[in-house]
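Let me begin by presenting the structure, written as structure tokens, before commenting on it.
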């Protein structure tokens, strides 16, 4: 067995931008004549520097709101302490009691203002003022600097996160990628770098989608964090599926008469499988019995999925059949496929036979409509989007526009970035 080579994770933009922003915090501190505490600016930078622009703005807003709430109640407690408690006996005990009480008031303020997600920030600022700096010579100055330092960090984070090299976005091109061996390698999930960078490109306007033999249900399970804005080509070109609206926009089904002839052929030979039928944008998977180890394993693995609907019946639907999935011992599958190719109605079908990677000694056969191809439905998607140009990514040499040799190296996303937004030094765009 070939041993997998460990690769160090890629240094992403978030790390690089965080380093630059923290360095700027110290630069601003020196320009201010070493006034304030750059530690708080750096903390704000690290907290606000998020992978996506929308997250950066949200965290920055929360950080500022939390700082102002905490600083307000901290400043109020300073006034009470310096103007009143210092003159009373047991003033220290009263101070601690008020500190605890105002901690609750700070939390409740976030509830009143409906900004509960800033509660932690607010309390951190409040306690840093009242516990650590209430004995300073001029604690009021610390409150002002605390707010100002945080604002500096937030502004620097927003500024650095919005600085980009001059690029020209290719908004008139549809980028289409395979999944297995293109975005994922040997069933391993996408790397964090590829996931974040791909989502960023989609956020920036890249028209990106998938073309795969997998079902929409499987795509949801293996790529849960990928923001797919456009419909995907699934089931090896049998359907065009909108992941956001949960609906099939286009489908190529097996003709009803051909499906009935196929099922009669299989029943005569006591061959059983899974019949995938679309009913009102719901994928129904019919079966009559689980005849072998592979079928029982598939059913046990997927039947609890909320995206799959298994129905046991001896009379499955034959109108709207998208594809049939059969698993048999390899020798029997080969014989079955040869017999299928000799049937007079075989011209209605497209069959794919592959050795099973999960079940030793078994092969699987997927039967689609002859018209169900990725190339055919891609042209329909281009027409739907009013786009003329498409660039495809895949792991088969010569079949795709861009050949991806090793998905582990983030090759697809890196190449997508180069093609979608090439650097143009002639001007900032």
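The values are calculated or read from the model by the stated rules, or taken from the named source; none is laboratory data. Source: prediction; values computed, not measured. All Cβ positions, glycine included, derive from the backbone under ideal geometry; neighbour counts span all protein chains shown.
Data table
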{"item": "Checklist (1) without any contact (Cβ under 8 Å) to a residue 60 or more places away in the chain; (2) more than 16 Å from residue 216 (Cα to Cα); (3) part of a loop (DSSP other than H, G, I, E, B) applied to residue 335, failing item", "result": "(3)"}
{"item": "Single match in 289, 267 (criterion: in contact with a strand residue (DSSP E or B) (Cβ under 9 Å, 6 or more places away or on another chain) and over 22 Å from residue 239 (Cα atoms))", "result": "289"}
{"item": "Condition met for residue 244 (surrounded by fewer than 18 Cβ atoms within 10 Å (Cβ to Cβ) and either outside the structural domain of residue 385 (by TED's automatic domain parsing) or closer than 19 Å to residue 180 by Cβ (or both))", "result": "no"}
{"item": "Wholly within region 239-284, strands (runs of 3 or more DSSP E) carrying at least 3 residues that are farther than 30 Å from residue 207 by Cα, in contact (Cβ under 8 Å) with a residue 24 or more places away in the chain and out of contact with any helix residue (DSSP H, G or I) (no Cβ under 6 Å at 6 or more places or on another chain)", "result": "273-279"}
{"item": "Qualifying positions in region 336-355 - exposed (fewer than 14 other Cβ atoms within 10 Å of the Cβ) and either in contact with a strand residue (DSSP E or B) (Cβ under 9 Å, 6 or more places away or on another chain) or under 13 Å from residue 370 (Cβ atoms) (or both)", "result": "341, 347, 352, 354, 355"}
{"item": "Filtered residue count, region 353-375, keeping only those that are modelled with pLDDT under 90 and touching a helix residue (DSSP H, G or I) at 6+ places or on another chain (Cβ under 7 Å)", "result": "2"}
{"item": "Filtered residue count, region 160-184, keeping only those that are closer than 20 Å to residue 409 by Cβ and either surrounded by fewer than 19 Cβ atoms within 10 Å (Cβ to Cβ) or without any contact (Cβ under 8 Å) to a residue 12 or more places away in the chain (or both)", "result": "2"}
{"item": "Unmet requirement for residue 61, which otherwise passes all of (1) within 25 Å of residue 151 (Cβ to Cβ); (2) in contact (Cβ under 8 Å) with a residue 12 or more places away in the chain", "result": "(2)"}
{"item": "Some residue of region 213-220 being touching a helix residue (DSSP H, G or I) at 6+ places or on another chain (Cβ under 7 Å), crowded, with 16+ Cβ neighbours inside 10 Å and in contact (Cβ under 8 Å) with a residue 60 or more places away in the chain", "result": "yes"}
{"item": "Tally, over region 400-429, of residues that are farther than 19 Å from residue 186 by Cα, part of a loop (DSSP other than H, G, I, E, B) and modelled with pLDDT under 90", "result": "8"}
{"item": "So residue 279, is it surrounded by fewer than 17 Cβ atoms within 10 Å (Cβ to Cβ), assigned by TED's automatic domain parsing to the domain that holds residue 349 and within 12 Å of residue 322 (Cβ to Cβ)", "result": "yes"}
{"item": "One residue from 303, 296 being more than 29 Å from residue 347 (Cβ to Cβ), touching a strand residue (DSSP E or B) at 6+ places or on another chain (Cβ under 6 Å) and exposed (fewer than 15 other Cβ atoms within 10 Å of the Cβ)", "result": "303"}
{"item": "Members of region 366-385 found to be surrounded by fewer than 18 Cβ atoms within 10 Å (Cβ to Cβ), more than 24 Å from the chain's Cα centre (by Cα) and assigned to a helix (DSSP H, G or I), listed by number", "result": "375, 376, 379, 380, 383, 384"}
{"item": "Residue in region 386-395 that is free of Cβ contacts under 8 Å to residues at least 40 places away in the same chain and either farther than 30 Å from residue 255 by Cα or part of a helix (DSSP H, G or I) (or both) present", "result": "no"}
{"item": "Any chance residue 323 is surrounded by fewer than 16 Cβ atoms within 10 Å (Cβ to Cβ), part of a strand (DSSP E or B) and touching a strand residue (DSSP E or B) at 6+ places or on another chain (Cβ under 9 Å)", "result": "no"}
